[in-house]
């Protein structure tokens, strides 16, 4: 969906008559205020269906057909970008006036979610204009969840992260002597339909450096989307080893029920010492053989708003 680029979204928000400011989430409730998910349609979403819808919704933005665009979003739709999460109304407002051009998709990946949903991850490059003014070409990694509700295929989630080069691996640490008294064994949590509780269990395992426990919370088809790449189950585990998560603080929790067997959770992470120290995260939890597991995660760093789009209109003398 069009807002697939951090810098652009910030520009859009600046230019499109004031969508919410940085770090102010339109869906900022810390409680789980989910609307009941209509799971009337029972057929699973296919990769072909989700891909076709993704391309279609980009087309509505390019044509500035906001009526059709809005009709393709679920009422509890959440969009996460470099300035935080946005609800359906704010998303529509932020893309009004934006016309993407020269759109090139690549790197499509699909993961089934719950009974009636599917997650798409992809890369997208595009140029465009905002209110008639050209904006820089962007290259983003994006993800969307499409779900069947009431006989319609609707987007319930979208997130994008500007493509960045891979970060250097953390420096190797010198071997340390074992503690005189070994710490108590780490107890893995029992996961459930409560996506927020599950996500907190993930961070507890990361903080304790229990990489095997962390891996046990991820589905075999798990994908992680970050600014520097897309990672599978093994890559996600390898990617966290060596990092210190103990100083991270998590806030602004929000859950959305996708269907009876899948949920989305979004939240904000502050990591002292990181640049930037704030990022916006989302995870999708779904059942696999009766067990709740994480099937997707994406993190998007805080993006400072770019200068406002300059107008070329001549001033009246």
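Check residue 218 against each of (1) surrounded by 14 or more Cβ atoms within 10 Å (Cβ to Cβ); (2) out of contact with any strand residue (DSSP E or B) (no Cβ under 6 Å at 6 or more places or on another chain); (3) modelled with pLDDT of 95 or more; (4) not assigned by TED's automatic domain parsing to the domain that holds residue 50 and name the one condition it does not meet.
Condition (2) is where residue 218 drops out.
From 109, 115, 125, grab the single residue that is assigned to a loop (DSSP other than H, G, I, E, B) and modelled with pLDDT of 95 or more.
Of 109, 115, 125, the one residue that is assigned to a loop (DSSP other than H, G, I, E, B) and modelled with pLDDT of 95 or more is 115.
Just wondering, is there one or more residues in the stretch 282-300 that are modelled with pLDDT of 95 or more, over 24 Å from residue 147 (Cα atoms) and touching a helix residue (DSSP H, G or I) at 6+ places or on another chain (Cβ under 9 Å)?
No, the conditions are met nowhere in the stretch 282-300.
Would you mind finding the one in 73, 12 that is assigned by TED's automatic domain parsing to the domain that holds residue 107, under 16 Å from residue 98 (Cβ atoms) and modelled with pLDDT under 95?
Within the list 73, 12, the selection yields 12.
Select from the stretch 69-97 the residues that are in contact with a helix residue (DSSP H, G or I) (Cβ under 8 Å, 6 or more places away or on another chain) and within 20 Å of residue 153 (Cβ to Cβ) and list them in ascending order.
Applying the first criterion (in contact with a helix residue (DSSP H, G or I) (Cβ under 8 Å, 6 or more places away or on another chain)) to the stretch 69-97 yields 69-70, 72-77, 79, 81-83, 86, 88, 92, 94-97.
Passing the criteria: 69, 70, 72, 73, 74, 75, 76, 77, 79, 88, 92, 95.
Tell me which residues, restricted to the stretch 57-76, are surrounded by fewer than 19 Cβ atoms within 10 Å (Cβ to Cβ), free of Cβ contacts under 8 Å to residues at least 40 places away in the same chain and part of a helix (DSSP H, G or I).
Answer for the stretch 57-76, where residues must be surrounded by fewer than 19 Cβ atoms within 10 Å (Cβ to Cβ), free of Cβ contacts under 8 Å to residues at least 40 places away in the same chain and part of a helix (DSSP H, G or I): 59, 66, 67, 68, 70, 71.
Any idea how many residues of the stretch 105-138 are crowded, with 20+ Cβ neighbours inside 10 Å and more than 18 Å from the chain's Cα centre (by Cα)?
Residues flagged as crowded, with 20+ Cβ neighbours inside 10 Å and more than 18 Å from the chain's Cα centre (by Cα) within the stretch 105-138 amount to 6.
Can you say whether residue 144 is surrounded by 16 or more Cβ atoms within 10 Å (Cβ to Cβ), at pLDDT 95 or above and touching a helix residue (DSSP H, G or I) at 6+ places or on another chain (Cβ under 8 Å), as far as the supplied structure shows?
On the way: surrounded by 16 or more Cβ atoms within 10 Å (Cβ to Cβ): yes; at pLDDT 95 or above: yes; touching a helix residue (DSSP H, G or I) at 6+ places or on another chain (Cβ under 8 Å): yes.
For residue 144, the condition - surrounded by 16 or more Cβ atoms within 10 Å (Cβ to Cβ), at pLDDT 95 or above and touching a helix residue (DSSP H, G or I) at 6+ places or on another chain (Cβ under 8 Å) - is met.
Could you please give the count of residues in the stretch 193-252 that are assigned to a helix (DSSP H, G or I) and touching a residue at least 12 places away in the same chain (Cβ under 8 Å)?
Filtering the stretch 193-252 down to residues assigned to a helix (DSSP H, G or I) leaves 195-207, 211-216, 233-240.
Remaining after also requiring touching a residue at least 12 places away in the same chain (Cβ under 8 Å): 195-196, 198-207, 211, 213-216, 233, 236-237, 239-240.
Within the stretch 193-252, residues that are assigned to a helix (DSSP H, G or I) and touching a residue at least 12 places away in the same chain (Cβ under 8 Å) number 22.
Given the condition modelled with pLDDT of 90 or more, under 21 Å from residue 231 (Cβ atoms) and either surrounded by fewer than 21 Cβ atoms within 10 Å (Cβ to Cβ) or over 21 Å from the mean Cα position of the chain (by Cα) (or both), answer yes or no: does some residue in the stretch 259-269 qualify?
yes
The values are calculated or read from the model by the stated rules, or taken from the named source; none is laboratory data. Note that the structure is predicted; figures quoted are calculated from it, not measured. With ideal geometry, Cβ positions are generated from the backbone for all residues, glycine too; neighbour counts draw on all protein chains shown.
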